[in-house]
Amino acid sequence: MTRADRQHPNAARSSALRHDTVPMRLYHEAKQFGAWDPRRLELRQDIQDWSRLTVVERDVLLRLTALFQAAEESMTRDLLPLLTIVLRGDRLEEQLFLTTFLAEEAKHTEFFRRILEEVCRHSGDLQRYQSASFRKLFSEKLPNAMRALLADASAAAQAEALVTYTLVGEGVLGEAGYHVFNSALEGGGRMPGLREGLRLAQADEDRHMAYGLFLLSGLAAEEPGVWSVIDRRMDDLLPDTLGIVSEFFEPYDVVPFGLSLEATIEYAMARFAGRWASLEAAREGGRGAAGVQDPDGALRSVLAWVREQAQPAPVAVRREGTAPIYTFRVGSGGAPTLLITQEVLQHHAPGEIIAALSTHGVPQQLRERAGLRLTCLRAGGKIVVQAPSR
Ligand SMILES: [Fe+2]
Ligand SMILES: [Fe+2]
């Protein structure tokens with residue numbers, strides 16, 4: 001019993017919040033940028049555009065929307081066991097962030113269901129679109145890994161669950177799916193309501209993945225044996241993951257919208273490589289001397305991550321003369337730049353820098369905003385990212 005408990009034995013718990021932690025930064029970000037309502041998206045233009053699509057174009061978009069809807073429903077349901085672990089661990093900041101995480105998954109489920117009903121005009125069961133690999137992952141492996149947490153809160157069980165949920169579900173598959181949507185709908189201003197919803201949902205997913213990677217790198221830092229669990233789980237899930245992507249394209253002799261299986265797999269694997277690099281960077285950071293990091297190693301890891309976020313645009317980095325600042329230039333001309341000070345690279349592990357950049361919506365801004373200048377510096381012992389407010 002603590003002294004406070006003795007003084008006020010029936011008092012409710014009251015804790016100070018650590019606002020500079022990764023979960024709290026993500027929580028604040030979620031309140032600012034995650035507050036959107038799928039019901040408020042304007043879909044009138046989308047309904048007209050849908051009627052002008054060819055039969056096979058509609059089939060591709062319907063298949064993709066149906067799979068997203070089913071996957072988001074699973075992700076909403078299967079997140080709950082993770083909350084119980086965090087609750088038992090008395091991790092208040094994470095509990096706060098997870099309230100936004102769960103609400104956002106619920107909104108994604110609602111968003112894709114609304115598209116199915118109002119744009120695609122399908123209110124019934126679309127299970128026929130779920131291929132064998134999709135069912136295996138979303139009806140067996142994901143729920144089993146997440147529900148296992150109710151009985152087993154070990155670091156290994158948490159790592160298995162997070163590899164499945166974050167790296168594969170939200171990571172490789174989610175990003176492959178968004179890539180197919182974005183490639184199909186880009187140009188011509190087609191289906192603006194759907195595109196807006198996708199943009200908002202994808203920004204939510206960036207925060208979810210930043211949190212998942214934060215948890216995974218923390219587990220691996222505490223128990224080095226977790227790395228082999230992560231490796232094994234990835235090996236186990238990769239065939240199903242690639243199976244889902246290739247089974248998606250199988251029914252089409254000629255895939256519309258200029259889409260291809262090879263380009264989609266290439267994109268998803270490149271994105272995955274970037275996330276893997278940030279995990280590896282955390283591993284290297286964990287091995288380094290406490291307090292001071294290897295700035296060249298950090299620069300390489302952060303560059304690998306920025307390249308992966310900005311693709312297909314090329315990224316160049318250079319140090320401005322002898323100034324302790326690195327400029328990451330994305331694309332050419334009026335493309336966005338990201339400035340990171342040497343001090344950040346020297347004092348913070350790459351995983352921490354990447355988490356801070358993710359928390360501040362940098363990936364999304366690099367993808368979308370031309371001529372933007374983002375600055376990442378160290379102040380008061382913390383990483384500060386300055387980005388123009390949206
Ligand atoms: Fe989601
Ligand atoms: Fe998510």
Could you work out the pair-distance distribution P(r) of segment 295-386 from its alpha-carbon pairs, with 10 angstrom bin width and percents rounded to whole numbers? 18, 57, 25, 1
How large is the charge dipole for the chain, taken about the Cα centre, if only the Cβ atoms of Lys, Arg (+1) and Asp, Glu (-1) carry charge, to the nearest 20 debye? 1040
Ranked by Cβ crowding within 10 angstrom, fewest neighbours first, how are Phe328, Phe257 ordered? Phe257, Phe328
Within the chain, which complete DSSP H helices have Cα atoms spanning at least 24 Å along the helix axis and a mean Kyte-Doolittle hydropathy of 0.0 or higher? 55-88, 226-249
Could you calculate, for the chain, the ratio of the Cα radius of gyration to the Kirkwood radius, expressed as Rg to Rh? 0.97
Under the definition of Cα pairs under 8 Å and six or more residues apart, what whole-number percent is the relative contact order of segment 11-156? 37
Packing-based exposure ordering (other Cβ within 10 Å, fewest first) of Ser131, Ser246: Ser246, Ser131
Qualifying lysines (Cα of each under 30 Å from Cα of Lys141; at least 8 residues distant if same chain): Lys107
Return the loop-located GluC sites (Glu not before Pro) in segment 160-204 (DSSP other than H, G, I, E, B) with at most 15 other Cβ atoms within 10 Å of their own Cβ; answer none if there are none. Glu186
If we count other beta carbons within 10 Å of each Cβ, what is the order of Val119, Val56, fewest first? Val56, Val119
Under 15 Å Cα-Cα from Lys31, which aspartates and glutamates qualify once same-chain neighbours fewer than 8 residues away are excluded? Glu93, Glu94, Glu104, Glu105, Asp204, Glu205, Asp206
Volume in Å³ per residue [convex hull over Cα atoms, computed for segment 55-204]: 110
Which of Gly218, Met234, Val245, positive extreme of dipole for segment 210-257 (C-beta unit charges): Gly218
For the chain, calculate the relative contact order in percent as a whole number, restricting contacts to Cα pairs under 8 Å that are 6 or more residues apart. 16
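None of the figures in this text is laboratory data; all of them are computed from the coordinates on show. Not measured: the values here are computed from a predicted model. Here Cβ is always computed from backbone atoms with ideal geometry, including for glycine, and neighbour counts include all displayed protein chains.
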